[in-house]
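Peer 1: Before I ask anything, let me first share the structure, which is written out below as structure tokens.
What follows draws every value from the coordinates through simple rules; no lab data is involved. Keep in mind that this is a model prediction, so the values were computed, not measured. We place every Cβ from the backbone using ideal geometry, glycine too, and count neighbours over all the protein chains shown.
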Amino acid sequence: MAYSLSVNGATHQVDEDGQTPLLWVLRDTLKLTGTKYGCGVAQCGACTVHVDGQPVRSCSFPLEAASASPIVTIEGCKGAEVEAIQNAWVARDVPQCGFCQSGQIMSAVALLRAIPAPSDADIDVAMSGNICRCATYNRIRAGIHDAAGQLRHRQS
Amino acid sequence: MRWRRASGERRRFGCLSILASLVALLVLGVAIAFRPHALPSSQPLVAAPARSTGSALRPVSTFASIADPSMRSLALFEEAGRVIEHPRCMNCHPRGDRPTQTAAMRPHMPWITRGPDDAGAPTMRCATCHRAINFEASGVPGNPKWKLAPIEMAWQGKTLGEICRQLLDPARSHLNRAELLHHMAEDELVGWAWHPGGNREPAPGSQAAFGALITAWLETGAACPV
């Protein structure tokens with residue numbers, strides 16, 4: 001069955017089974033391979049994308065539910081929060097192997113949009129579903145605080 | 001023979017033997033402290049045992065032989081309790097901010113909290129993973145109304161009698177008798193317990209059979225176990 005998908009501002013016609021995980025449509029059909037397959041059972045967060053502005057696990061999101069909402073992947077994620085996160089990630093060398101990082105960044109961006117100055121507890125709650133097997137959690141947390149600081153500095 | 005030391009005579013101690021004793025005690029203490037230990041391992045929370053086994057619920061008609069209405073009411077609720085205390089129901093009635101999952105009722109992974117509306121924190125919603133259906137591709141269960149029971153309706157750690165009295169207390173259940181019956185017999189999210197998808201064991205019987213038990217229990221005086 002054909003579905004119309006809005007991904008990163010562009011409309012795509014996709015002819016796949018409605019029960020196909022959005023992750024595989026993004027990666028295999030649309031060739032947007034920045035979104036990673038980690039576990040396939042919504043446990044690791046590597047496949048996080050934004051649907052209607054909310055972070056979701058694309059491995060656990062059926063295509064048929066995705067056609068009505070704007071989707072943003074790591075390739076199309078833009079804005080002040082994204083720039084601040086990118087700067088902080090580079091400055092702190094946050095990624096190690098990097099495999100989980102697109103999911104980490106998508107969750108971190110959504111967090112900063114919801115809570116511009118998050119506490120450690122806010123970060124723990126928002127990022128708890130994103131696993132990093134290199135255990136860069138302290139750098140991720142510091143990077144989010146740095147990014148929040150950049151955003152405050154821009155506004156002042 | 002002298003029985004007492006002469007005054008002024010000093011008692012003599014063997015310093016070497018005392019030192020040796022202290023060293024021996026030290027060695028013994030270190031040996032006890034560093035003796036091999038079995039590594040601690042996590043244990044699953046034990047689900048409350050059901051009073052009877054089998055996947056079906058006894059129909060209301062089989063309770064007709066109990067002449068005393070109060071005793072019949074009690075028996076009806078205890079049969080309904082097989083559903084209430086089933087992990088499919090108990091997992092979403094936690095006594096804290098985190099649900100449990102699986103038949104072992106282990107803490108939910110990933111680490112999530114109930115949030116202000118019992119559907120997750122604003123930055124980590126239940127809907128981050130749980131959608132409107134049981135999604136076979138990922139094995140993640142779902143329902144359009146997916147959320148936790150309010151904390152006032154916490155069931156875990158309570159006896160069936162305590163749960164019974166809680167159900168009948170509108171201050172805690174937020175339900176009058178009619179709403180309570182509707183919740184049990186017709187609520188879509190409650191109904192998920194009989195259609196959990198994946199390899200999850202459904203609650204005993206059916207929602208219709210469960211609703212019939214609750215109806216009969218209410219009609220016979222809504223007796224609660226002690």
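Peer 1: Assuming a ≥ b ≥ c are the square roots of the Cα gyration tensor eigenvalues, decide whether the protein assembly as shown counts as rounded (a/c under 1.5), prolate (otherwise, with a/b larger than b/c) or oblate.
Peer 2: Values: a/c = 2.59, a/b = 1.14, b/c = 2.26.
Because a/c hits 1.5 or more and a/b fails to exceed b/c, the protein assembly as shown counts as oblate.
Peer 1: Next question. Can you pull the mean other chain C-beta count within 10 Å for peptide B:114-125? Could the numbers behind the result be given before it?
Peer 2: On the way: counts 0, 1, 0, 0, 0, 0, 1, 5, 8, 16, 11, 3.
Partner-chain Cβ atoms within 10 Å, mean over residues of B:114-125: 4.
Peer 1: Computed over the Cα atoms, what is the radius of gyration of chain A divided by 2.2 N^0.38 Å, N being its residue count? Write down the numbers at each step before the final one.
Peer 2: Values: Rg = 15.5 Å, N = 156, 2.2 N^0.38 = 15.0 Å.
Ratio of Rg to 2.2 N^0.38 Å for chain A: 1.03.
Peer 1: Per residue of A:47-55, count partner chain C-beta atoms within 10 Å of its C-beta, then hand back the mean as an integer.
Peer 2: 2
Peer 1: Could you work out the relative contact order of chain B, using alpha carbon pairs under 8 angstrom and six or more residues apart, expressed as a whole percent?
Peer 2: With pairs under 8 Å counted, the relative contact order is 24 percent.
Peer 1: Any idea how far the Cα center of the range A:106-124 sits from the one of the range A:31-99, in Å?
Peer 2: Answer, in whole Å: 15.
Peer 1: What are the DSSP H helices in chain B that stretch 15 Å or more along their long axis, judged by alpha-carbon atoms, and whose average Kyte-Doolittle hydropathy comes to at least 0.5?
Peer 2: B:15-33, B:207-219
Peer 1: Okay, next question. Going toward the positive end of the dipole of the range B:78-226, with +1 on Lys and Arg Cβ and -1 on Asp and Glu Cβ, which of B:Asn134, B:Thr159, B:Pro110 do you reach last?
Peer 2: Sorting the options by dipole projection puts first B:Pro110.
Peer 1: Rounded, prolate or oblate: which one fits the range A:1-83, using the alpha carbon gyration tensor with axes a ≥ b ≥ c (rounded when a/c is under 1.5, else prolate when a/b beats b/c, else oblate)? Please report the intermediate quantities before stating the final value.
Peer 2: Values: a/c = 1.69, a/b = 1.16, b/c = 1.45.
Note, shape of the range A:1-83 comes out oblate.
Peer 1: While we're here: Against the longest alpha carbon principal axis of chain A, how many degrees, from 0 to 90 and to the nearest 10, is the axis of helix A:137-155 turned?
Peer 2: Roughly 80 degrees, rounded to the nearest 10.
Peer 1: Using per-residue counts of other Cβ atoms within 10 Å, averaged over each peptide, order B:200-212, B:19-31, B:175-187, B:146-158 from highest down. Numbers along the way, then the final one.
Peer 2: Values: B:200-212: 19.5, B:19-31: 10.1, B:175-187: 15.2, B:146-158: 17.5.
Highest mean packing first, the order is B:200-212, B:146-158, B:175-187, B:19-31.
Peer 1: Could you tell me which residue out of A:Gly45, B:Ala222, A:His12 lies farthest along the dipole of the protein assembly as shown toward its positive end? Charges go on the beta carbon: Lys and Arg +1, Asp and Glu -1, centred on the Cα centre.
Peer 2: In the protein assembly as shown, that residue is A:Gly45.
Peer 1: Kirkwood hydrodynamic radius, computed over distinct alpha-carbon pairs, for the range B:126-226: how many Å, to one decimal? Don't skip to the end; give the middle numbers.
Peer 2: Numbers: mean 1/r = 0.0669 Å⁻¹.
One decimal place: 15.0 Å for the Kirkwood radius.
Peer 1: How well do other chains shield peptide A:124-133, expressed as the mean number of their Cβ atoms within 10 Å of each residue Cβ? The partial results should precede the final answer.
Peer 2: Working: counts 3, 9, 5, 4, 8, 7, 2, 2, 0, 0.
For this peptide, the per-residue mean of nearby foreign Cβ atoms is 4.
Peer 1: I've got another one for you. Taking the Cα centre of the protein assembly as shown as origin and charging only Cβ (+1 Lys, Arg; -1 Asp, Glu), how large is the dipole, in debye to the nearest 20?
Peer 2: Values: 37 positive and 32 negative charges, 546 e Å.
It works out to roughly 2620 debye.
Peer 1: Turning to a different aspect of this structure: Using the charge dipole of the range A:35-128 (Lys, Arg: +1 at Cβ; Asp, Glu: -1 at Cβ; taken about the Cα centre), state which of A:Pro118, A:Ala88, A:Ala65 has its Cα farthest towards the positive end.
Peer 2: Among A:Pro118, A:Ala88, A:Ala65, the one farthest towards the positive end of the dipole of the range A:35-128 is A:Ala65.
Peer 1: Here's another thing I want to ask about it. Give me the dipole magnitude in Debye, nearest 20, for the range A:49-103 about the Cα centre, with unit charges on the beta carbon: positive for Lys and Arg, negative for Asp and Glu.
Peer 2: 100 debye
Peer 1: With charges only on Cβ, +1 for K and R and -1 for D and E, what is the dipole size of chain B about its Cα centre, in debye, rounded to 20?
Peer 2: Dipole of chain B, to the nearest 20 debye: 2080 debye.
Peer 1: Taking the number of other C-beta atoms within 10 Å as the exposure measure, put B:Phe34, A:Phe61 in order starting with the fewest.
Peer 2: Details: B:Phe34 8, A:Phe61 30.
Ordered by Cβ neighbours within 10 Å, fewest first: B:Phe34, A:Phe61.
Peer 1: Something else: Under the rule of -39500 (n - 2.57) per DSSP H run of 4 or more residues, summed and divided by the residues of chain B, what mean residue ellipticity at 222 nm is obtained, to the nearest 500 deg cm²/dmol?
Peer 2: Using -39500 (n - 2.57) per qualifying helix, the result is -10000 deg cm²/dmol.
Peer 1: Over the Cα atoms of chain B, what is the Rg over Rh ratio if Rh follows Kirkwood?
Peer 2: On the way: Rg = 29.6 Å, Rh = 21.4 Å.
So for chain B, dividing Rg by the Kirkwood Rh gives 1.38.
Peer 1: Sticking with this one: If you take the beta carbon distance between B:Glu201 and B:Leu39 as r and set R0 to 35 Å, what does 1/(1 + (r/R0)^6) give as a FRET efficiency, to the nearest 0.05?
Peer 2: 0.70
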